[in-house]
Amino acid sequence: MKKLIIFIFIFFNTLNAQNLDSLLKNYKETSEKSLQTVDENLGHVFVYSQKDIRLMQYTKLSDILKELPLINFNHNRYGIPSLSLAGTKTTVSGFFRFFINDHEISSVHAQSPFLSWGNLPLDFVDYIEVYYGDSSFALGNDTGIYFIRIYTKKAYKENASELRVSAQKQGTNSQSIVHSQTFENGWSYLTFLKNLDSNKDANYKSEELKNHSKRRYFYLDISNDKTDINIGYADVKKDNFMGLSLDVVPNEGEIKSKDFFIDFTRKFLYDNSLKLSLSLDINTRKYYEENDEGIGLIPVLDLKNMGMTIPKKFKEDLTLKKFHAHLSKTHNYKNNSLLAGINFSKKKYEVNNRKTVNFLNQTTNVGEYHDFDEENIYSLLLQDKLKINEKLSFVANAKFDRYERSGFLDDTSEELYRIGAIFTPFDNFGLKAFYTKTFLPPSFYDVDSARKDKPYLNTQKYNFYTLEGVYTTTNSKYRVKYSNVKINDFIYFSPIGTMNIDHTIKSEGLIFNYEYLFENNDKFEISYYTTKLSEELNNSNKGGYVKYMGKRDKWEYFASLIYKNSYSYLDVDVDASYDLNLGATYYFSDDLSLSIKGINILDKSTESLYKDGFPGDDFAFEDHGKNFNISMKWVF
C-alpha cells in the first residue's frame, strides 16, 4: 500500500502544471459555500463541499466518517456505527461532537449520535466541516476532541423540490423529498422527509444475526437574515444485532428510538454581533432482549452470585431531555477580534421502566442503576484573535465550566485553555499551531456501566499539541498535520465495567494529504495517516484513502479506495481492509439523473472485535459486506 501511495504521488507531481491562480480559483469554487461558516480559529478543519458530496455519491453521513484520518469507523454489538480514536475500539464513544447547523445532536445519555443520526441522509445537506481539536470554546457546547458540523441546504439557494428513490442489492430501499420556498417578506423554509428500510442481516456460526432497521427522518428550517429555526426528528426501529447476549446470537431483541429537537437562533444589532440560541431535545428510547444463554448486563451482574443475577430477559424504557441556552457577543477593537459568551445546559435522564427476568423466572424492577440522573452546566467563554499583520495572527481561548450534579457524583469546576498561531509567510504556504488543555466528563452511560466496586469516575484530562502546514504548488496542494496527545484518567470499558486508567496515555499522529486538480476540473486526492499509541492496539492505527472524482459531458464519476492496516490483538489476527467504491451518475437533463454505486466491491471491509461468552473469547467480525446501490433524482 505504501509503495502504491508513493508511486501515485510521484506520478501526479510530474504531470504538466497549471498556474497557481487556477488552483486557488478551483479550490474556492469547491468550498465557497463553507467560506461564510468555516472558522480557522476553531482548529484544523477539513471541508466536504457540496461538489464533493455530489460527485463522490456520499448518500449518508457514515460514507464520510469511514474515510476520516486518525479515526476508526466500526460497528458495535447493536449493529450501530461507532467512532474510535485510531488504534482503539470503543462500543460507544463520547469524543466526537456532531451538529446540524448550530445544534448538537449527540445523545444526552452516551454523548454519541449514532443510534438516531449515524445514518443521517445527506440529501438535504449542503456541506460538512470536520474540526480536529476542541472547538467548544467559541461554540459553548460540550467538550470534545473532534467536531463534525453538518450544514443544511437553504431555501434561498435551492427554491425547488427534489425527489430521490434508491435501492440496494441486500434489500435496502429509501425514498426522500426536499422542498423549499422563499417569500417576498424575506422568510423562507426548507423541509426534508425520508423513509429508509435497511436490511443488513449477517451470519455467525451458522446462525442469523438480525440487523434489519426502519428509519424515518424529518427536518424543517425556517429562516430569514436574522433568525433561524431548526426542527429535527428521527424515528428508529431496529433489531439489536448481537445485543448483550453472552453467546452473541440473541433469541430476539429490538431497539426503538424517537429523537426530537427544536433550535432557535437569533442575531441582534446591525452587525449581527449579538447571538442568542435556545434549544430543546427530547429522546425516548426502548430496548428489549431475550436470550436463553444469558444477557451480559454488567450493572446488574454480581460476580459472586452469577447464577441468580444473569438475566435471560431485559427490558427498559428511557426518556432523555436537554435544554440549552447560549448568548455570545463579538467585538472588533483595533487588531483584536473578541468573543465573549455565557452558556447553560440542563440534562435529565429518566428511567420509566427497567426490568430483568433471571433463569428462575424471577422479575426484578431494576430502576436506576445509580442516582446520577440530572446535570446542570454553567459556562463562561472568552476568545481573542490578535492580528499582528496580514501574515501572522494569535488566538487565545478560555472556558470555565461549572458542573452541578445529582446523586453521588461530586459537583466540579473545570477550566479549558488554548493558545494558537496562524502564520502565512507566503501566499502559497501557511502554518497553524495550537496547544489545548481540555477535559471530557463522565456521561450518564459511563456511570451506568461503571464497576460496582469503583462506581465513581474521574473526569478525563487532555493535553495536546497540534501543528499543521499547507503548501500549494501550481496545480497541487499538500497538507501535513501532526498531533501529540496526553490523556489522564482515560475512561475505559473493561469486561467488568467502565473505569479510569491509572496512568497517562500517550498518542502521536501524523496526517498527510495531497490534492491534484486537472485541467478539466477532475480531482485526485490521496491521504495517509499513522498513529503511535502507548497502549496495546486493539484496532487499526494506520490508514488512508485514494479517490478520484470528475465530470464530463452528462456523466459524473468517482472511484475511492479506503485502507486500514492489519493488526493483532491477543490471539486474534485482523487482516487489512481495502474498501473499494466505484460510482457514476448520468444526467438525462439538468433535473433528472440516475446514479449507480458499488460499495466495498473487493469485499474486504474493516472488522470489529467482539467477545463470545463471559469473560469471553475475542473474535473479529466484518462491519459491512459488498453491496450495490442504484438511485434516481428528480428536481422540479
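The values are calculated or read from the model by the stated rules, or taken from the named source; none is laboratory data. Model, not experiment: these values are computed from the prediction. Cβ: placed from backbone, ideal geometry, glycine included. Neighbour counts: every protein chain shown. These area figures cover heavy atoms from the full protein model, side chains too; ligands, DNA and RNA do not enter into them. Shrake-Rupley method; radii C 1.70, N 1.55, O 1.52, S 1.80 Å.
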Exercise for review: Calculate, for the chain, the solvent-accessible area per residue in square angstrom, rolling a 1.4 angstrom probe over the heavy atoms of the protein chains.
Suggested key: 43 Å²
**Study point:** Hydrodynamic radius by Kirkwood, which averages 1/r over all alpha carbon pairs of the stretch 127-227, in angstrom
**Key:** 17.1 Å
Review point. How big is the equivalent ellipsoid of the stretch 186-291 along its three axes, where each semi-axis is √(5λ) from the Cα gyration tensor, reported in whole Å from largest to smallest?
Key: 42, 14, 10
Point to revise | Net dipole in debye of the stretch 537-636 [+1 Lys, Arg Cβ; -1 Asp, Glu Cβ; about Cα centre; nearest 20] | key: 640 debye
Revision key, fill the gap. For V248, other-chain or 5+-apart residues with amide H closer than 5 Å (H placed, Pro excluded) are G613
Point to revise | Label-point separation, L582 to F260 (7 Å along Cα→Cβ), nm | key: 4.7 nm
Review point. Mind listing which GluC sites (Glu not before Pro) in the stretch 469-525 are in a DSSP loop and have 12 or fewer other Cβ atoms within 10 Å?
Key: E519
Study note, to complete from the structure: So, over other residues within a Cβ distance under 11 Å of P442, counting Lys, Arg +1 and Asp, Glu -1, the net charge is -3
Check your understanding: In debye, nearest 20: dipole of the stretch 89-232 around its Cα centre with unit charges on the Cβ of K, R (+) and D, E (-)?
Key -> 540 debye
Review point. Aspartates and glutamates within cross-link reach of K551: Cα-Cα under 12 Å, excluding same-chain residues under 8 positions apart?
Key: D52, E519, D522
Point to revise | the chain, relative contact order [Cα under 8 Å, separation at least 6], % | key: 11 percent
**Study point:** Whole-percent carbon and sulfur share, accessible surface of the chain, 1.4 Å
**Key:** 55 percent
Exercise for review: Please state the charge dipole magnitude for the chain, taken about the Cα centre, from unit charges on C-beta atoms (+1 on K and R, -1 on D and E), reported in debye and rounded to the nearest 20.
Suggested key: 1060 debye
Check your understanding: Which FRET efficiency value, to the nearest 0.05, do you get for L338 and K205 by plugging their Cβ-Cβ distance into 1/(1 + (r/R0)^6) with R0 = 56 Å?
Key -> 0.35
Check your understanding: lysines within cross-link reach of K304: Cα-Cα under 22 Å, excluding same-chain residues under 8 positions apart?
Key -> K312, K313, K355, K452, K454, K611
Review point. So which of K210/K258; K477/K547; K60/K329; K481/K523; K154/K432 end up more than 23 Å apart by C-alpha?
Key: K60/K329; K154/K432
Revision key, fill the gap. Here the tail fraction of P(r) beyond 49 Å, over all Cα-Cα pairs of the chain, rounds in percent to 9 percent
